[in-house]
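*Asks:* Got a structure for you, questions after.
The values are calculated or read from the model by the stated rules, or taken from the named source; none is laboratory data. None of these values were measured; they are calculated from a predicted model. Here the Cβ positions follow ideal geometry from the backbone for every residue, glycine too, while neighbour counts run over all protein chains shown.
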Amino acid sequence: MHQVTLKTSGTTYPVGKILCLGRNYLDHIRELGNQVSERPVIFSKPASSLLPGGGLVQIPGYSRDCQHELELALLIGRPGKNIDQAHALEHLAGYGVALDLTLRDLQAELKSQGLPWDLAKGFDTSCPLSAFTPADQVADPNKLDLTLGVNGQLRQQGNTNQMMRSVEEIIAEISRYFSLESGDIILTGTPSGVAGITSGDRLEGRIEQVGQLHVSVA
């Protein structure tokens, strides 16, 4: 069973669902030529996609275009369904640094056929994830700087205040469709600057007040 850890206390949570919100930063929507959707674009990753910090990303041989997407991760600590925005943050145990690695060539092929993205989003090691910082140590999750460097070169830079849906809105909206349980993880979308990674690359993600994530590509 896959588990994640809460910093300082060392509390562990068995991982349940990994729910991901796509198209939540306007600049990222534009750079991929996608349309803005009125409904949230939600997809999932299996727990087997998790890779702890310091791990090795394994790009499948059936893709030639694996791209990084830096994201703020939310760890659910208290279950809920149809959660009210005003109380949404009360359901969080912590915040983490995540990468949503995407096989962009395979995703484009699947999208062109009207098929789900699972094969492009859920492969083993496609979700590198840091340990979680307790929620009460983050003053405002909607005002956090995010940066991602690859081999020491800045690739992605943004702030969660650029999200089209706030953290509270994300939790409330997702909980309309899925019952949220302790140990569930939500990825909140990525700013612009996504690009390909290849063997030997070193990735370093940072989110203000939350922490760092380091992984390498095998």
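Yes or no, residue by residue, for (1) of a type in the set (A, V, I, L, M, F, W, C); (2) surrounded by fewer than 12 Cβ atoms within 10 Å (Cβ to Cβ); (3) at pLDDT 95 or above:
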site	(1), (2), (3)
M1	yes, yes, no
V4	yes, no, yes
C20	yes, no, yes
N24	no, no, no
I29	yes, no, no
L32	yes, no, no
Q35	no, yes, no
P40	no, no, no
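*Asks:* Same structure, new question: If I ask for residues that are touching an Asp or Glu at 6+ places or on another chain (Cβ under 7 Å) and among the hydroxyl-bearing types (S, T, Y), which ones from the stretch 90-118 would you list?
*Replies:* Selection gives T102 alone.
*Asks:* Does at least one position in the stretch 186-199 carry a residue that is touching an Asp or Glu at 6+ places or on another chain (Cβ under 6 Å), under 21 Å from D105 (Cα atoms) and among the β-branched types (V, I, T)?
*Replies:* Checking the stretch 186-199: at least one residue is touching an Asp or Glu at 6+ places or on another chain (Cβ under 6 Å), under 21 Å from D105 (Cα atoms) and among the β-branched types (V, I, T).
*Asks:* Just a yes or no: is a residue in the stretch 55-63 in contact with a helix residue (DSSP H, G or I) (Cβ under 6 Å, 6 or more places away or on another chain), buried (at least 16 other Cβ atoms within 10 Å of the Cβ) and free of Cβ contacts under 8 Å to residues at least 60 places away in the same chain?
*Replies:* yes
*Asks:* Go through the residues of the stretch 189-210 one by one and say whether even a single one is within 12 Å of P40 (Cα to Cα) and within 16 Å of the chain's Cα centre (by Cα).
*Replies:* yes
*Asks:* If you don't mind, another one. What are the residues in the stretch 129-141 that are part of a loop (DSSP other than H, G, I, E, B) and either surrounded by fewer than 17 Cβ atoms within 10 Å (Cβ to Cβ) or touching a Phe, Trp or Tyr at 6+ places or on another chain (Cβ under 8 Å) (or both), if any?
*Replies:* Within the stretch 129-141, V138, A139, D140, P141 qualify.
*Asks:* Kindly indicate the residue of the stretch 93-108 that is farther than 19 Å from S44 by Cβ and in contact (Cβ under 8 Å) with a residue 60 or more places away in the chain and also nearest to the chain's Cα centre (by Cα) among those meeting that condition.
*Replies:* V97
*Asks:* Next question. Quick check on the stretch 75-128: of everything there that is over 19 Å from A195 (Cα atoms) and polar (S, T, N, Q), which residue is surrounded by the most Cβ atoms within 10 Å (Cβ to Cβ)?
*Replies:* So the residue we want is Q85.
*Asks:* Moving to a separate point now. Check whether at least one residue in the stretch 107-123 is of a type in the set (S, T, N, Q), more than 29 Å from L154 (Cα to Cα) and modelled with pLDDT under 95, and report yes or no.
*Replies:* Yes, the stretch 107-123 has at least one match.
*Asks:* A further question follows. Among residues belonging to the stretch 6-18 that are β-branched (V, I, T) and modelled with pLDDT of 90 or more, point out the one that is surrounded by the most Cβ atoms within 10 Å (Cβ to Cβ).
*Replies:* Filtering first and then ranking leaves I18.
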